[in-house]
Amino acid sequence: MPELPKPLPPAERTVGQLVAETIRGYGDHFWRALPLGLVYAAVDQACIRQPWSTQVIVYCAAAPFIAGAFVGACSIVHGRPPTRTAFLVALAVYAPFPLLRGLFLLPGIAWFAYIGLAVPAALVERRSFRAALVRGRTLGTNDYLHAFGSLAALVVVVGVSEQTLTTVLRSQSRSSQRVALFLADLVLSPLLYLGGALLYADQAARVRSSRADLHPPLDADAAGGADTQVKP
């Protein structure tokens, strides 16, 4: 079989490659990441055939669990233990999402792309609550199209895959739609958390690259050469 091309470094990684790396990473840590899917699977079950107002309440009640799942994903991807600050940042970032999701899903994705990377910033860089939020905004806005496109692509991939898997499960067994949907959510929703955690590496590398372009190394010759003597 032909060898697969080597993945690009985070600073140059495309949206498609981020999705592919997320899937590969999920495979490497499948049993550790699988429990993360319990949160969304339970929330989805509670929201089936419920009015918008009830769904908002369900998503608000699930805030600590969803925040904890994202912190857990960041811990798996970056190999750092969860912290209290990262959890509190995750709660703050998640707070507007239930209402944004009720309006339409895209505003929620746009919000997470803008500020959501504050969570891995708090975990990996050990920043304070406020500093993590500032850093998250910097990371998100440095290449916002990449951040937004990556999260949107993950949502599309997971959504389409869930529909396909739900149909397959129902056709291959006598399981009800609810059971099939629960299993599909359980298996596939961890990709959303893991992809968001991995996006941090992309955006952090882009920030470093942009700063290097703005502040190139000083050329000693441009200032008259390093060996230039100072006259008394």
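Once the Cβ-Cβ distance between Ser128 and Ala63 is put in as r, and R0 is 22 Å, what FRET efficiency do you end up with, to the nearest 0.05?
Values: r = 21 Å, r/R0 = 0.96.
Between Ser128 and Ala63 the formula returns 0.55.
For region 63-147, which chymotrypsin sites (Phe, Trp or Tyr not before Pro) pass both filters: DSSP loop (anything but H, G, I, E, B) and at most 16 other C-beta atoms within 10 Å? All intermediate terms of the calculation are to be shown ahead of the outcome.
Values: sites: Phe65, Phe70, Phe87, Tyr94, Phe104, Trp111, Phe112, Tyr114, Phe129, Tyr144; in loops: Phe104.
Those satisfying the criteria are Phe104.
So if each residue of separation counts as 0.36 nm, and I subtract the Cα-Cα distance between Gln17 and Phe104, what length gain in nm does that give? The partial results should precede the final answer.
Details: separation 87, 0.36 × 87 = 31.32 nm, distance 2.65 nm.
Result for the pair: 28.7 nm of gain on full extension.
To the nearest 0.05, what FRET efficiency results for Val179 and Asp28 with a Förster distance of 22 Å applied to their C-beta separation? Spell out each step's value before the answer.
Values: r = 28 Å, r/R0 = 1.27.
E(calc), rounded to 0.05, equals 0.20.
Starting from the exponent 0.38 and prefactor 2.2 Å, build the expected Rg for the chain from its residue count and divide its actual Cα Rg by it. Walk me through the intermediate numbers first.
On the way: Rg = 21.2 Å, N = 232, 2.2 N^0.38 = 17.4 Å.
Ratio of Cα Rg to 2.2 N^0.38 Å: 1.22.
Which order do Asp44, Asp202 fall in if you start with the one that has the fewest other Cβ atoms within 10 Å? Before the final figure, lay out each step's value.
Numbers: Asp44 19, Asp202 27.
Ascending Cβ contact count within 10 Å gives the list Asp44, Asp202.
Roughly how tilted is helix 63-78, in degrees to the nearest 10 and between 0 and 90, from the longest Cα axis of the chain?
50 degrees
Between the helical axis of 15-28 and the dominant principal axis of the chain, each derived from Cα atoms, what acute angle in degrees is found, rounded to the nearest 10?
70 degrees
Nearest 10 degrees is fine. How inclined is helix 129-142 to the longest principal axis of the chain, computing both from alpha carbons?
Around 80 degrees separate the two axes.
Counting other Cβ atoms within 10 Å of each Cβ, which trypsin sites (Lys or Arg not before Pro) in region 1-90 have at most 13 and sit in a DSSP loop? Numbers along the way, then the final one.
Working: sites: Arg13, Arg24, Arg32, Arg49, Arg84; in loops: Arg13, Arg49.
When the trypsin sites (Lys or Arg not before Pro) of region 1-90 are filtered for loop state and at most 13 Cβ neighbours within 10 Å, Arg49 remain.
Two decimals is fine: what is log10 I(q)/I(0) at q = 0.27 Å⁻¹ for region 17-85, from a Debye sum with one equal scatterer on every Cα and no solvent?
With one equal scatterer per Cα and no solvent, log10 I(q)/I(0) is -1.14.
How far, in nm, would the chain grow between Tyr144 and Arg49 when pulled straight, counting 0.36 nm per residue and subtracting the alpha carbon separation?
Details: separation 95, 0.36 × 95 = 34.20 nm, distance 3.43 nm.
Stretched out fully, the Tyr144 to Arg49 stretch lengthens by 30.8 nm.
Using helices alone, what [θ] at 222 nm do you get for the chain, with -39,500 (n - 2.57) per DSSP H run of 4 or more residues, divided over all residues and rounded to the nearest 500? Could the numbers behind the result be given before it?
Values: 13 runs with 171 residues, N = 232.
One gets -23500 deg cm²/dmol as the mean residue ellipticity at 222 nm.
Each value in this text was obtained by applying a stated rule to the coordinates, not by laboratory testing. It should be emphasised that the depicted structure is a prediction, and the values quoted were computed from it without experimental measurement. In this analysis, Cβ positions are derived from the backbone assuming ideal geometry, glycine residues included, and neighbour counts consider all displayed protein chains.
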